[in-house]
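Everything on this sheet refers to the single structure shown next.
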Amino acid sequence: MCKLQKVQCAKLCAEYRFHNSVYSSQSSVGPASKALSSSDSRRTTVKNKTFHTSCLTCCECHVLLGKYFEKDGRMYCVEDYHKKFSPKCHKCDKVITDRRTTVKNKTFHASCFKCCECHVLLGEHFEKDGRMYCVEDYHKKFSPKCYNCDKVITDSRTTAKNKNFHTSCFKCCECHVLLGKHFERDDRLYCGEDYHKKFSPKCHGCQQVITSAHTIALGNPWHRECFVCQSCGVSFNGGPFFHHDDIPFCKQHYIESSQ
């Protein structure tokens, strides 16, 4: 029976023989697959392709295949397949053959995807300068500290004069109200009311805190509206005034107070 009617090895065998005189006269025929006789039990079938057992080898290292991968019609042992086609871990530079994690086009072994500081396996994470950090270590290393409590700020913050604060820590040092408009003195923060109580001058006339433009006269600060004749209330408007016992008077009432 003609060999060409028998099962053919799917791999081109090096050995080639003609068993039909019709084909022996055709010099243009190239290498063909060696026929497998029906009595030859040493065969392997893969995806409807039949091989001599000795022909089912890795196309790279030629080791006889047990477990294997196929790509583009070529057969690979596990090691060569992974060397050629599997991604490498961004951390250890070794081939990844099982579970992997991909972050920003970088692939890691699941077991290599760790914080570079504490080495805990990462879930939520941060990346800086190509290194991976758990949330806690990232904030310890890179986030600002609150000027008030000295703890790391991980969320909203307030910045005043190059100092960072937790929003909840940006308070008056006296009454502890949360600050909007504020004053700072000796590195301490004050609301307007407490700052003026503590540091602003008091009017010599009404004894209330002065918080705006004022007048200095008779060696004392005055609200402008308070620096008037203490008898008739007339404003001096920057003009001359008279005084008796550090009390300002217009000319008329000064004369009266001196009699």
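Given region 214-258, what whole percent of its Cα pairs are spread farther than 17 Å? Don't jump to the answer; show the numbers that get you there.
On the way: 199 of 990 pairs.
Everything past 17 Å amounts to 20 percent.
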> Looking at this model, which pairs from K88/K114; K141/K181; K128/K171; K84/K128; K104/K145; K151/K198 are more than 24 angstrom apart at the alpha-carbon?
Replying inline: K141/K181; K128/K171; K84/K128; K104/K145; K151/K198
> What FRET efficiency do you get for K104 and R224 if R0 is 45 Å and r is their Cβ-Cβ distance, rounded to the nearest 0.05?
Replying inline: 0.10
> Amide H neighbours of L189 under 5 Å, counting only residues 5+ apart in sequence or on other chains, H built in-plane at 1.01 Å?
Replying inline: C173
> Which residue, chosen from V135, C146, C118, occupies the Cα position most advanced towards the positive end of the dipole of region 117-245, where the dipole is computed from +1 (Lys, Arg) and -1 (Asp, Glu) charges on Cβ about the Cα centre?
Replying inline: C146
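None of the figures in this text is laboratory data; all of them are computed from the coordinates on show. All values reported here derive from a predicted model rather than from experimental measurement. Quick reminder, even Gly has a Cβ in these numbers, built from the backbone with ideal geometry, and neighbours come from all protein chains shown.
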